[in-house]
Amino acid sequence: MERTRQPTVGIIEIICGPMFSGKTEELIKRLTRSKIAKKNTVVFKPIIDKRFDEIQVVSHSDQKIVSIPVKDTDAIKSYLQNTEKPIEVIGIDEAQFFDNSIVQFVEQLANSGLRVVLSGLDQDFEGKPFGPMPLLLAAADVVTKQYAICIICGAPASKSHRVNLDIDNNQILVGGMEIYEARCRACLQF
């Protein structure tokens, strides 16, 4: 009996959790491994995230990977349409900063056989779903939920607490330890 080869199907992997949980570190680890495996890999980050570096994706533990800063999903599409070598693995950091069009786009990429690895906050500082993350989580084939350490009690933390609400009450406020703390559900009340 002759077997027919199945078409290559990609995958959508999501790494989510609160601030300081190691999401970007895990993203960098997975993408570095794909490069070691000689997969043509490209990494994107939102242009608004300039906390550590304008070009590189940088974790709080100072791990780094070169990326392409983009304004939106259309900029990612444009880049991919103009590449000479076919891309096999795509990484996207801080996915919560993109609009909902990112969901259909990454599904198209996965359906065309690509591996797409995204990281982002699943909740904002008020504990509400953040940007396209709920839709991305629903579309994902693999979800990794990371936890931080609660700054108050040391328990596993699933929340990002904005320390000073007088700074800015908008949902999007890019920052680090000067603005946010990881907290568990119980300590979020303090």
(request) Examine segment 135-151 for a residue that is in a loop (DSSP other than H, G, I, E, B), under 19 Å from residue 77 (Cα atoms), at pLDDT 95 or above and among the hydrophobic types (A, V, I, L, M, F, W, C), and state whether such a residue exists. (result) no
(request) Hey, can you tell me all the residues within segment 80-106 that are assigned to a helix (DSSP H, G or I) and either more than 11 Å from residue 11 (Cβ to Cβ) or in contact with a His (Cβ under 9 Å, 6 or more places away or on another chain) (or both)? (result) 80, 81, 95, 96, 97, 101, 102, 103, 104, 105
(request) Would you check if residue 89 is without any contact (Cβ under 8 Å) to a residue 40 or more places away in the chain and under 15 Å from residue 141 (Cβ atoms)? (result) no
(message) Which residue is modelled with the lowest pLDDT, if the candidates are limited to segment 71-84 and must be surrounded by fewer than 19 Cβ atoms within 10 Å (Cβ to Cβ) and in contact with a strand residue (DSSP E or B) (Cβ under 9 Å, 6 or more places away or on another chain)?
(response) 83
(request) Pull up segment 65-79, narrow it to residues that are touching an Asp or Glu at 6+ places or on another chain (Cβ under 9 Å) and not in a strand (DSSP E or B), then point me to the one that is nearest to residue 9 (Cα to Cα). (result) 73
(message) Tell me the residue from 123, 189, 104, 108 that is in contact with a strand residue (DSSP E or B) (Cβ under 7 Å, 6 or more places away or on another chain) and either modelled with pLDDT of 95 or more or farther than 25 Å from residue 35 by Cα (or both), please.
(response) 123
(request) Look at segment 153-186 and say how many of its residues are modelled with pLDDT of 95 or more and in a loop (DSSP other than H, G, I, E, B). (result) 5
(message) Tally up the residues in segment 5-20 that are within 12 Å of the chain's Cα centre (by Cα) and modelled with pLDDT of 95 or more, please.
(response) 7
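The values are calculated or read from the model by the stated rules, or taken from the named source; none is laboratory data. Nothing here was measured: the structure is a model prediction, and the numbers come from that model. All Cβ positions, glycine included, derive from the backbone under ideal geometry; neighbour counts span all protein chains shown.
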